[in-house]
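J.: I'd like to ask you about the structure that follows.
The values are calculated or read from the model by the stated rules, or taken from the named source; none is laboratory data. Here the structure is a predicted model, which is why all the values come from computation and not from measurement. Note that each Cβ is placed from the backbone with ideal geometry, even for glycine, and that neighbours are counted across all protein chains shown. Heads up: the accessible areas ignore ligands, DNA and RNA and are worked out on the full protein's heavy atoms, side chains in. Shrake-Rupley method; radii C 1.70, N 1.55, O 1.52, S 1.80 Å.
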Amino acid sequence: MTYETLLVETRGRVGLVTLNRPQALNALNSTVMRELAAALKAFDADKEIGAVVLAGSEKAFAAGADIKEMQTLDFVDSYLGDFIGGWDQVAAARKPLIAAVSGYALGGGCELAMMCDFIIASETAKFGQPEITLGVIPGMGGSQRLTRAVGKAKAMDLVLTGRMMDAAEAERAGLVSRVVAPEKLLEEVLTAAEKIASFSLPAVMMAKEAVSRSLELTLAEGLRFERRLFHSLFATEDQKEGMAAFVAKRKPEFKHR
Ligand code: CAA
């Protein structure tokens with residue numbers, strides 16, 4: 001499949017999707033989001049892929065939803081068409097999805113990064129929810145996922161003032177898992193993705209599911225959910241292989257990779 005707004009490639013067992021609308025700092029229009037959903041769905045269905053990386057350009061991961069596309073929308077059109085509703089499909093990807101963020105991740109760009117399982121940022125990254133400066137509020141999860149990631153105080157600060165936060169502040173706040181030099185970003189993210197893709201895929205996908213559910217369940221329900229998944233992995237050949245390899249002091253050869 002060819003894409004108008006994305007570059008899609010594979011690096012070994014890793015799928016790499018790069019947003020490619022440089023003239024608009026990767027602003028997210030309906031074409032980008034439709035193509036992104038299709039690319040992630042294809043990687044989810046591809047047995048040769050164990051993890052996916054989502055990247056932007058050096059200057060911008062994505063500068064938000066496309067303001068030029070949405071400026072003339074009215075309430076009835078946006079409500080009846082459920083504008084933005086379908087973009088949550090990114091968060092529905094079942095395989096691990098890592099965001100490689102360099103430069104601007106603003107508005108929908110920050111929200112898109114937060115739909116990924118974790119974010120590795122370059123020192124140049126700038127995160128923010130500037131929707132308030134446009135007379136609106138975040139619409140792709142900024143008020144919800146950001147608050148869960150960084151807590152109420154910082155989320156309120158960012159959403160109400162529209163200010164940007166740099167990579168160091170984002171790491172301190174828990175929004176990003178690592179910050180690296182700009183020239184090392186892609187290498188660092190691909191290495192993490194390759195590592196994930198080398199493990200047993202059912203275990204990886206269940207680990208993702210368990211951590212993701214922790215944001216939605218009570219502790220008691222979450223612990224029960226985790227234990228059910230943990231028990232179920234004892235039905236896999238990869239559990240036997242992983243533990244036998246440990247005991248025999250050799251590298252495991254996972255079957256479901
Ligand atoms: N939508 C559409 N076009 C955008 C865009 C966006 N979100 N962000 C940047 N662009 C376009 C600019 O219009 C410009 O295009 P032209 O050359 O045709 O004028 C091009 O990208 C380059 O941008 P700038 O000249 O502005 O670049 P800069 O380096 O001076 O500034 C910036 C960079 C600070 C990121 C600035 O572009 C900016 O503030 N962008 C908008 C950020 C924003 O408000 N994002 C939130 C959008 S609303 C949203 O996302 C809603 C939601 O929750 C779903």
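J.: Can you tell me which residues in the stretch 24-43 are within 12 Å of K95 (Cα to Cα) and either open to solvent by 50 Å² or more (accessible area, probe 1.4 Å) or free of Cβ contacts under 8 Å to residues at least 24 places away in the same chain (or both)?
T.: K41, A42
J.: Still on this structure, I have one more. Please give the number of the condition E131 fails out of (1) touching a Pro at 6+ places or on another chain (Cβ under 6 Å); (2) away from the ligand (no atom under 12 Å from the Cβ).
T.: Here E131 meets the rest and fails (2).
J.: Something else now. Tell me, yes or no, whether the stretch 91-114 has at least one residue that is touching a residue at least 12 places away in the same chain (Cβ under 8 Å), surrounded by fewer than 22 Cβ atoms within 10 Å (Cβ to Cβ) and closer than 30 Å to T72 by Cα.
T.: Checked against the condition, which is being touching a residue at least 12 places away in the same chain (Cβ under 8 Å), surrounded by fewer than 22 Cβ atoms within 10 Å (Cβ to Cβ) and closer than 30 Å to T72 by Cα, the stretch 91-114 yields at least one hit.
J.: Mind counting the residues in the stretch 4-23 that are hydroxyl-bearing (S, T, Y), away from the ligand (no atom under 16 Å from the Cβ) and open to solvent by less than 60 Å² (accessible area, probe 1.4 Å)?
T.: Of the residues in that region, 1 qualify.
J.: Across the stretch 44-58, what is the total count of residues that are under 17 Å from E111 (Cα atoms) and open to solvent by 40 Å² or more (accessible area, probe 1.4 Å)?
T.: Going through the stretch 44-58 one residue at a time, the tally reaches 1.
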